[in-house]
Amino acid sequence: MPQILTIPFHAFKLHLPDGEEVAFPLSDANAVHLKKPIGLLAKKYSKRFQKKLLDKGQFSRILDELQGGGFVHKTLAVSFPADKEGIRFPAFQLEFDYFHQAVDQRFWALLPALGLEAMAGTAEEMEERLREAVKMDFTSKKRLAFVQHIVSSIWFDAVSLERTNIGLTFYSPSELAEVQKEEKQQLLPKVATKLVVKKTEAYGRREEMRHLERILDSNFSKNILLVGASGTGKTALVWELAHRRWKQKKPNHIWETTASVLIKELTMQSGWQDNLSLLVKELTLNGDFLFVRNLAELFEVGQYAGNEVSMAEYLRPYISRGELTLISECTKEERARIELRSPNYLSFFQVVRLEEPKKGLEAIIRQKVLDIAGAKKVELAAGAIEEVIRLHRRFSPYSGMPGKPIRFLESILFAQAPSLPAGKTQKRGKVGQPAPKEEVQKTQIGRAAVLRQFSNESGMPLFMIEPDMPMEVAEVKSRFNKNVFGQKKAVDTVVDMLAAVKTALTRTGKPIASFLFVGPTGVGKTELAKVLSDFMFGSRERLLRFDMSEFSDPLSVMRLTGQGYFSDGLLTSAVRREPFCVLLFDEIEKADPSFYDLLLQILGEGRLSDSQGKLVNFCSAIIVMTSNIGAARMQAGRIGWKKEPGAGEVAGHFIKAVEKNFKPELFNRIDSVVAFEPLSKEVVRQVVEREIGLFKAREGIRFRRLEFNIGDGVLDYLADKGYNARYGARYLQRAIREELIIPTAIALNQYDHDDQLVINAVFENNKIELQTSSDPLAFELLMEQWDKLTLADQTSNLRRKMMLLLEGPLFVRMQSEIDIMEGERDVDDEKFWEDLDRSAQYSNFLVAKEKSAALYEEIKKFEIEIALATLEQGTFDAGYEERLARWEASFLELKLLIYSLLYPENNLCFLSVYGTAPQAVFLFYLKILEKKGFAVRWAQAIWYREGFNGIDNDNPYHLEEEKVPGPYVKRLFQVEGFTCPDLWPPQPGDRLYGIEACLDGEAIALYLGNEPGNQQWATGTAETLVSLHVNTSNAFQPTPEGIRRQQFYQKPKPRRTVFQLELKDSHYGIQTQVKPKDLTSFFVDLLDKRFWKVLEEIFL
């Protein structure tokens, strides 16, 4: 029998200044935890120790954990000398907390802050060794290199050692072998997920939940089968059951899995049968329940050649004997299939039927949506839920409630995260005070949002689903007639039916509408279906077409719903993917009669079951069938169509033909039989114009440098030759292809693709002739077009940069500053304007914001202008490139303005040049400043005076920080007209060692920010290099004491060397030759490029 051993557990706690605590075990300094009580830390440590070591037989490791008591808390003082130069840090002393105890007449000490330990024979020796260990740690980790590294070793206030007890389990060799065997064979965590649900998942199912709880607590069969339509909440009910069991702290758990996961994880070398038996044994020993989603799928996995037994049938004896408690779900249709496949299988289950809630449906949806929203501020307006229910009852009546409306509202909820409207800001209280509570913004889901979302998902026009919006029938008919020529009667019939759908006068529980288009070939039946798809669902791609000549036998008809469980039906899968669609069955008379049985279900109830027993909803589709029934007989009765039949006569003829060929039960389910008339010559002429327009839009013409002119005579000729009462517009397409398209292709093949061509199609000598010529200005036009494309790309790139600026962190920060200032102004307007600096800053921010908006609008106009010019839809301004360059310059000025306003400290720069001959280098920087328009506030020379170590009272100091004793004397000098030899010592014997200056300008500290470092210059006519040190900063830096020593200029190596024509700079990566007179211009260009690049990175 396993033995339980209780041992002490020690843990250190480092107490931080802000009240937080960092804890880690005494024996494992790497297991650091924040704000964790020692009890929880000990529990977690013992669990990991047991699993990783003791359960693997490594019992000797327990000896390392046995730590006796008697730890003594002491403080260790460690002294450090000053650095060699005496600049970085002075001599200092640190104190560390450590703990020690006597072990076998020896002393053992632990220093938790640095993770160090030491052991010695005496307490004094132990303390000395611990002090040496601290110094070695500081040396090896280079903590003395930077002050922040020194501070990081004392980042806590205090250290404490806490103790508690932990229990560890020891096994005998046989028990250990059994534990390791069970650990290897544990299958449940691999194939299923333990349901630990900590929040409410189901609402309004109190009776069903009590029923489930009574079943699991009873002494009879505990197997549960939830039966209901998709979306009624079967899975949510199981999750709610798991939530209640977790809340009540019941020992038995529910594990969730699927049939596909079971077959994947259990199929090993020995097959899934043995592993499934082990899984059942594991569930039985633990007393847990297995929840398998969709019981029907369990019947379809596990079978293979030579084995007809599925996983569900294999589990039958375990379920019948009560060794396995199985919870599953299915629909009514799937339940019927299971009963047919395995009679009496479901007798082992307690069946719980879930129907749509009769009462409180709106309350259930509201509670569930708000529960999903969680921390989001959400309000459901009155009428939103009612609108969702109405829409889904109309277009998805077979989707279980309340699942589908809840998922629909979820999509709206996550798409409308709480945010402030663009251009508006949330008002604040006084600075340092929270905003008023009543101004917290909430996201509201109203009826309008529901309608918009449904319109976006379905593609249906908003006025078709919004009862308050009228449908302009005349405009809709006009739109249809512009796309379908010569079929006014057919268009009227279709649009009138849509008007009935809009006013909700049609019966629900069936497709939106169903039409049978009959008439001769090529008169616009398929085109009207495409136009209907574009109008109702926003795209012609929503037309799902099935050529019924491919389904002329019973076997091929089975392909529509699926020929087996694992094969998707062509029709059912297409509608499941695109429920809002126009479903076109072309030439329906060619289909096998068995297809009409499927059609009866679709037209009558708007539903169809596939081969897997899954229900497919057709209530959100429009059914269109086309047929040529009666066309041949009508044409045969009229010689050449000389006598045009009336519209009523045509409609009557086709309706009689349809009644004769279709069964009455099918004919009566069709909403409208739409008869199409043969096309007249006048209509064919209109079709010609449309076909020619589509022809010109083809890739071979649209993307070629081609001017294609077609005369009216050509159109008339094509209309006359393409007219055929029997074949309709399809004969016209043949005529256009033979008379125009093929000759055009032959003509184009004689020229290069880049040639500028002009083709004139004229009707002469009773035929179409193509007059083709090449434009001699083609190359010039090509280059002009290339320039336009280049400018268009450049403009788009600048517009994107402008958008990045408006969305970037600096602009957001500026907007935030404006909001804060406006809040201060709202609180006390008079006091705000009395603060001149604050009010001036506010005004400058507003100017920058206005400039940003103006530049953004200007670049958008530029982009539209160049786009239209590129597409030859507008004139090209020869001065466009110049205007774009001016805009880009204004854009750079805007970025500089925003940066200088947000970082005013960088508008000041302190420049220092130290060395024995600093005049030439200082003059070099003066020339750069003059070229850039920067100002020099003051400049002073630094003189070394032998024996002087005090304060120079003759110097008019600019800063209090300069009033420190030292060996240097500082004197101001005039910068205007400054030349190299202009500086004279205050007293004979004073030696010049540097020049310091205060510079002023927008972002000047950023502009010169990469200049600090050691440099070497050949000044005047000297052949030797003079070492200098340059420093720039936005804050005053005291004069270094060592500037008169050579060691000051030796490390690091010089980054820049200027010797006669040679120029090298390691920071910029350049090595080139520059004439002395060009040196200033060269560095201005270099600094400009680096400055604008850095500034752009900052704005991103």
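Look at CYS619, CYS330 and count the other Cβ atoms within 10 Å of each Cβ; fewest to most, that gives CYS619, CYS330. For region 3-170, the residue among THR169, ILE7, ALA145 whose Cα projects farthest onto the positive side of the dipole built from Cβ charges is THR169. A Förster radius of 45 Å combined with the Cβ-Cβ distance from ASN456 to VAL351 puts the calculated FRET efficiency at roughly 0.70. Other residues with beta-carbon under 14 Å from the beta-carbon of ASP288 carry, at +1 per Lys or Arg and -1 per Asp or Glu, a net charge of +2.
Calculated FRET efficiency, SER152 to ARG883, Cβ-Cβ distance, R0 = 45 Å: about 0.20 to the nearest 0.05. Here the simple spin-label model places points 7 Å from the Cα toward Cβ, and for THR916 and TYR596 these points are separated by 11.5 nm.
If neighbour count is taken as other Cβ atoms inside 10 Å, put THR164, THR795, THR1039 in order from fewest to most.
Fewest-to-most Cβ neighbours within 10 Å comes out as THR164, THR1039, THR795.
Computed over the chain, the P(r) curve from all C-alpha pair distances, binned at 20 Å from the origin, holds 8, 20, 27, 26, 16, 3, 0 percent per bin. Shape analysis of region 469-678 places it in the oblate category; the axes a ≥ b ≥ c from the Cα gyration tensor give an a/c of at least 1.5, with a/b not above b/c. Straight-line cross-link reach from LYS1077 at under 19 Å between alpha-carbon atoms covers these lysines, not counting any fewer than eight positions away in the same chain: LYS927, LYS931, LYS932, LYS1064.
Give me the dipole magnitude in Debye, nearest 20, for region 787-870 about the Cα centre, with unit charges on the beta carbon: positive for Lys and Arg, negative for Asp and Glu. Let's see the in-between values first.
Numbers: 12 positive and 19 negative charges, 139 e Å.
In debye, rounded to 20, region 787-870 gives about 660.
Partners of LYS767 within straight-line reach, counting lysines whose Cα lies under 20 Å from its Cα and excluding those fewer than 8 residues away in the same chain: LYS681, LYS721.
Across the options PHE862, ILE818, SER843, the greatest Cα extent toward the positive end of the charge dipole of region 779-901 (unit charges at beta carbon of Lys, Arg, Asp, Glu) belongs to PHE862. Multiplying the residue separation of ALA867 and ARG991 by 0.36 nm and removing their Cα-Cα distance gives an extension gain of 38.0 nm. Close Lys pairs in region 779-901, defined as Cα atoms under 18 Å apart and 8 or more places apart or on different chains, number 12. Maximal additional length on extending the ALA177-SER773 stretch stands at 205.2 nm, based on 0.36 nm per residue less the C-alpha distance. Fraction of C-alpha pairs exceeding 20 angstrom in region 904-1099: 57 percent, rounded to a whole number. Can you figure out the FRET efficiency of ALA415 with ARG800, using R₀ = 25 Å and their beta-carbon distance, to the nearest 0.05? My answer for the efficiency is 0.50. Estimated at 0.36 nm per residue, the fully extended path between PHE170 and GLU834 surpasses their Cα-Cα distance by 231.2 nm. Adding -39500 (n - 2.57) for every DSSP H run of four residues or longer, then dividing by how many residues the chain holds, sets the calculated 222 nm ellipticity at -13000 deg cm²/dmol.
Seen against the Cα atoms of the chain and their longest principal axis, helix 593-605 is set at about 60 degrees.
Give a quick list of trypsin sites (Lys or Arg not before Pro) in region 480-566 that DSSP marks as loop, anything other than H, G, I, E or B, with at most 10 other Cβ atoms within 10 Å. Walk me through the numbers before you get to the answer.
On the way: sites: LYS482, LYS488, LYS489, LYS502, ARG507, LYS525, LYS530, ARG540, ARG542, ARG545, ARG559; in loops: ARG507, ARG559.
Answer by residue number: ARG507.
Projecting label points 7 angstrom from Cα along Cα→Cβ for GLU1097 and SER680 puts them 7.5 nm apart. Here the label points at SER672 and LYS488, each 7 Å from Cα along the C-beta direction, are separated by 1.6 nm in the simple model. The C-alpha atoms of the chain define a longest principal axis, and helix 880-902 lies at about 50 degrees to it.
Mind jotting down the distance between the C-alpha centroids of region 906-929 and region 1054-1082, whole Å? Centre-to-centre distance over Cα atoms comes out at 16 Å.
Could you pull out every one of the lysines with an alpha carbon less than 21 Å from that of LYS84, ignoring same-chain neighbours closer than 8 positions? In chain and number order, the partners are LYS135, LYS141, LYS142, LYS1051, LYS1053.
Ranking MET209, SER342, PRO809 by Cα position along the charge dipole of the chain, where only Lys, Arg, Asp and Glu carry charges on their C-beta atoms, puts SER342 farthest toward the positive end.
Bear in mind that the values in this text are calculations on the coordinates, not laboratory data. What you see is a predicted model; the values in this text were computed from it and never measured. Don't worry about glycine lacking a Cβ; one is built from the backbone with ideal geometry, like all the others, and counts go over all protein chains shown.
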